[in-house]
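S.K.: Following this message is one structure expressed as structure tokens.
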Amino acid sequence: MKIVFLDTNVVVDLLQKREGFYQYSAQIFSLGLEMFVSPITFSTASYLLRKLGTEAIKNVLKDLRIIVDVVEMDHEVIDSSLKSKFNDIEDAMQYYCAKKCNADVIVTRNIKDFSESEINVLSPNAFLAEFE
């Protein structure tokens, strides 16, 4: 079984039912794989979903938490991110969380943001094509 690390954009595609992207995210979540996210995903999602109101956001994130594991973000992740060659610190933090959970693949819509990755990086539709 693959260990899949989901970048925040893939999760938000599902939660916001973003047109053109939702179907791929929904398919990924339906596969029953071991999926990980970073704590950043929850904070970013809560910000982007703010128009739903606090209680609705909490309920959505509680449901999300049931189906994903959260990688611990500690000083090692932060230190590695700050020393990395990544241009974006948030992407570096996501990457080092993926490394921490021994992810086989990072699924993201922003593949170019992970050009420094030693982990396989795939778009949602490419991941689904490879999974089949």
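S.K.: Which of the residues that make up the range 91-118 are loosely packed, with under 15 Cβ neighbours inside 10 Å and either more than 25 Å from Gln23 (Cα to Cα) or among the β-branched types (Val, Ile, Thr) (or both)?
M.R.: Matches in the range 91-118: Asn102, Ser115, Glu116, Glu118.
S.K.: May I pose another question? Could you check the range 22-36 and list, in sequence order, the residues that are aromatic (Phe, Trp, Tyr), in a helix (DSSP H, G or I) and either closer than 15 Å to Ala103 by Cα or touching a residue at least 60 places away in the same chain (Cβ under 8 Å) (or both)?
M.R.: Within the range 22-36, just Tyr24 meets the criteria.
S.K.: Scan the range 4-39 for residues that are acidic (Asp, Glu) and within 20 Å of Tyr95 (Cβ to Cβ) and jot them down. First the steps, then the outcome.
M.R.: Step one: of the range 4-39, the residues acidic (Asp, Glu) are 7, 13, 19, 34.
Result: Asp7, Asp13, Glu34.
S.K.: If Arg109 meets every condition in (1) at pLDDT below 95; (2) closer than 15 Å to Asp13 by Cα apart from one, which number is that one?
M.R.: Failing condition for Arg109: (1).
S.K.: Taking the condition of being of a type in the set (S, T, N, Q) and closer than 27 Å to Leu31 by Cα, how many residues in the range 56-92 meet it?
M.R.: 1
S.K.: State the number of residues belonging to the range 83-122 that are in contact (Cβ under 8 Å) with a residue 60 or more places away in the chain, part of a loop (DSSP other than H, G, I, E, B) and not hydrophobic (A, V, I, L, M, F, W, C).
M.R.: Residues flagged as in contact (Cβ under 8 Å) with a residue 60 or more places away in the chain, part of a loop (DSSP other than H, G, I, E, B) and not hydrophobic (A, V, I, L, M, F, W, C) within the range 83-122 amount to 5.
S.K.: For the range 1-21, give me the residue count where each residue is of a type in the set (Asp, Glu) and in contact (Cβ under 8 Å) with a residue 60 or more places away in the chain.
M.R.: Looking only at the range 1-21, we keep the residues that are of a type in the set (Asp, Glu), and these are 7, 13, 19.
Within this subset, residues satisfying the condition of being in contact (Cβ under 8 Å) with a residue 60 or more places away in the chain are 7, 13.
Number of matching residues: 2.
S.K.: Ok, one more. Of all residues in the range 1-56, which are of a type in the set (Gly, Ala, Ser), touching a strand residue (DSSP E or B) at 6+ places or on another chain (Cβ under 9 Å) and farther than 27 Å from Asp74 by Cα?
M.R.: Hit for the range 1-56 is Ser25, nothing else.
S.K.: Kindly provide the set of residues from the range 1-21 that are of a type outside the set (D, E, K, R) and exposed (fewer than 15 other Cβ atoms within 10 Å of the Cβ), ordered by number.
M.R.: Within the range 1-21, Met1, Gly20 qualify.
S.K.: Among the numbered criteria (1) among the β-branched types (Val, Ile, Thr); (2) more than 13 Å from the chain's Cα centre (by Cα); (3) not in a helix (DSSP H, G or I), which single criterion is violated by Val4?
M.R.: The failed condition is (2).
S.K.: Something else about it: Which condition breaks for Lys62 when tested against (1) surrounded by fewer than 12 Cβ atoms within 10 Å (Cβ to Cβ); (2) touching a helix residue (DSSP H, G or I) at 6+ places or on another chain (Cβ under 6 Å)?
M.R.: (2)
S.K.: Please verify whether Phe42 is part of a strand (DSSP E or B), within 22 Å of Ile89 (Cα to Cα) and under 13 Å from the mean Cα position of the chain (by Cα), treating the condition exactly as stated. I'd like the intermediate steps shown before the answer.
M.R.: Numbers: part of a strand (DSSP E or B): no; within 22 Å of Ile89 (Cα to Cα): yes; under 13 Å from the mean Cα position of the chain (by Cα): yes.
No: the conditions fail for Phe42.
The values are calculated or read from the model by the stated rules, or taken from the named source; none is laboratory data. Computed from a predicted model, the values in this text were never measured in an experiment. So basically every Cβ, Gly included, is an ideal-geometry build from the backbone, and we count neighbours across all protein chains shown.
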